[in-house]
Amino acid sequence: MNNIINIGYGSVNKIKIGGNLPLVFIGGPCAIESKKHVFKMAKLIKNICDELKIKWIFKACYDKDCRSSSTSFHGVGIDEGLQILSDVRKKFNVPVISDFSDTGWALQTAEVCDMIQIPAYLCRQTSILRAAALTKRPIHLKKGQFMSPWNMKNSVKKLEAFGNSKILLTDRGTFFGYNMLVNDMRSLPIMAESGYPICYDATHSIQMPTSMGNISGGQREFIPYLVRSAVACGINALFMEVHDNPPKAFSDANTVLHIKYLKNILKQAKYLHEVRLKFQKTIGKYDVK
Amino acid sequence: MLSKFLNTEVLNSIMPIEKIPFVYENVFFKEAIDSMNLYKIGIVCVVDKKNKLRGIFTDGDIRRKIIKIQKPFSALFADDVLTHTNINPITVNGHKKILYAVKIMSKNKIWDLPVISKKGELLGLLHMNNIVKKILDTNFD
């Protein structure tokens, strides 16, 4: 964990991720449902993060291209979505992140977003990686559920080859047979060997992909356990999707965390992160051979 | 004459760089093994962009890694080559005598010796088989 990446342009709060810096939270609703809802969620998250003194990046997507069903909510679209994210930046002084699934959307997304995200399913698509790299924005690269952590080096090398080395690598679970993900915490130190900061996506990790016929299920009850495990293992950022009414969420209704639990979980995460850094300082690194 | 051969410069008997397995330091471990297979030689030299020797690894190193590391081949193959490189290899300067080099190889029980310049650039490989062949070709009368 050597590299530190800088997030934020213009007047928003600037954030550094990596090294032995405090844990950063990346969170928000899965999808942009409306301006009103996004502002509501941003305000709720901001209050919690301000109280806990945790730096955060607001996340929400304008297009949900990987839904199981053609009838599922697909998103508000790039123009409306980016306008809302731009408004959130100005109102809350918070950096924002959103993903893109079409190479033609990369530049427009990066004009607004402080960080751009590559969806896990697309993590090895060269054209998507190239488009992301060329925006020059920091990139949040999620490990595909089908990918080994060591093979993520190939995607990292592609981004580097296209001139971008501002990368945050994230684990969001790994396929275990059909419709099931497991969390292999070894992936965190393995991906950290790349030298880039590491993030753990706790809400997608408990997903059971398309386990309910035409939508995905999930086992939310495991979120706190997995957050504690990942933070203790060693990460630089924690990613969670939150919602004020999960059953009514337009996307990922079975995995998003209810906002009422966020403060408690972030509190635990912050505490454990600080303990890990303290231990690392006082008793050294874990150099078992 | 055997003594004449043993007093020649190492450079006269090396396998040149274009005929030996060598890789740049930024490749995967798998690519280095591929290079060894391509040239059918049990050693690979790892060099930097300026052709300076960063290290080596051998068939024996790979055997020991497989037993010791215990990780899936797919993970081992994706490791950076430098992770598994011996960065303090035994080498010989190209201007040394063959006798000197053979003594090093005998003492250290090695069959291949990377040959480098004063600046540490890789020039080629001294391969024991080639030395034996030259000795056998020598007129002993």
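Of note:
- Ranked list, fewest to most other Cβ atoms within 10 Å of each Cβ, for A:GLU274, B:GLU25: A:GLU274, B:GLU25
- When the P(r) is computed for the stretch B:2-137, the part past 23 Å accounts for 32% of the Cα-Cα pairs.
- Cross-link reach list, lysines versus A:LYS40, counting only Cα pairs under 25 Å and skipping chain neighbours closer than eight places: A:LYS14, A:LYS53, A:LYS55, A:LYS59, A:LYS64, A:LYS90, A:LYS91, A:LYS248, A:LYS260, A:LYS263, A:LYS267, A:LYS270
- Volume per residue for the protein assembly as shown equals 162 cubic angstrom (convex hull of Cα atoms).
- This ranking places B:TYR39, A:TYR178 by how few other beta-carbon atoms lie within 10 Å of each, fewest first, which gives A:TYR178, B:TYR39.
- Positive contributions from Lys and Arg (+1) and negative ones from Asp and Glu (-1), summed over other residues with Cβ under 10 Å from the Cβ of A:LYS142, come out at -1.
- Overall, the protein assembly as shown carries a charge dipole of about 1240 debye about its Cα centre when +1 sits on the Cβ of Lys and Arg and -1 on the Cβ of Asp and Glu, all other atoms neutral.
- Local electrostatic count, B:LYS103, Cβ distance below 14 Å [Lys/Arg +1, Asp/Glu -1]: +4
- The stretch B:25-43-the stretch A:1-78 distance, computed between alpha-carbon centres (Å): 44
- Zone residues, the stretch B:36-61, relative to B:MET128, backbone N less than 14 Å from point 7 Å out along Cα-to-Cβ: B:42-43, B:59-60
- For chain B, size of Cβ-based charge dipole, Lys and Arg +1, Asp and Glu -1, in debye: 400
- A convex hull fitted around the alpha carbon atoms of the stretch A:8-156 yields 121 Å³ per residue.
- Charge tally in the Cβ shell below 13 Å around A:ARG220, where Lys, Arg are +1 and Asp, Glu are -1, A:ARG220 excluded: -2
- 13 Å reach of a label modelled at B:ASP59, 7 Å along Cα-to-Cβ, counting backbone N of the stretch B:10-48: B:36-44
- The residue list A:ALA230, B:ASN108, B:MET36 was ranked by how far each Cα lies along the charge dipole of the protein assembly as shown toward its positive end, using unit charges on Cβ atoms, and B:ASN108 comes out on top.
- Looking at the stretch A:155-242, the pairs of alpha carbons with a distance over 16 Å make up 56% of the total.
- Dipole of the protein assembly as shown computed with +1 at Lys/Arg Cβ and -1 at Asp/Glu Cβ about the Cα centre; of A:ASN214, B:GLY60, A:SER34, farthest Cα towards the positive end is B:GLY60.
Rule-based calculations on the coordinates, nothing more; no lab input. Note that the structure is a prediction, hence the values are computed from the model and not measured. No Cβ is skipped: glycine too gets one built from the backbone with ideal geometry, and neighbour counts run over all protein chains shown.
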